[in-house]
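Read the structure below first, then the notes.
What follows is calculated from the coordinates using simple rules that are stated; it is not laboratory data. On a predicted model such as this, the values are computed, not experimentally measured, just so you know. Neighbour counts run over all protein chains shown; Cβ positions are idealised from the backbone, glycine included.
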Amino acid sequence: METFILLIVVYPIIAAILGVLGAWIFKNMYMMPCIVALCSIVMMGTIYNLSFFTWVLVYTFLSLVSGGITRHLITNNKRGMTV
């Protein structure tokens, strides 16, 4: 698969899905962003070069935001509130 498509489409979707799963299954929105960051850093060292570090930060932030939104929705749903 072409690298540009992986960077712009596939990896962000994977990071967002992992953030949602981390907040939903583990009830912890910080665990999956750490795992995404570690996996991205490993990919930076093995597949890509040091310029991939910008993408590491983007994917980590995206995972954190998606986990935070999921956590917020779960908390409001348990209270019986609508968003």
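Points to keep in mind about this one:
- Zone of M1's modelled label, taken as backbone nitrogen in the range 48-76 under 20 Å from a point 7 Å along Cα→Cβ: 48-49, 52-64, 66
- Loop-located trypsin sites (Lys or Arg not before Pro) in the chain (DSSP state not H, G, I, E or B) with no more than 10 neighbouring Cβ atoms inside 10 Å: K27.
- Mean separation of Cα pairs under 8 Å and 6 or more residues apart, divided by the residue count, gives the chain a relative contact order of 38 percent.
- Computed over every Cα-Cα pair of the chain and binned at 10 Å starting from 0, the pair-distance distribution P(r) comes out as 20, 44, 24, 9, 3 percent.
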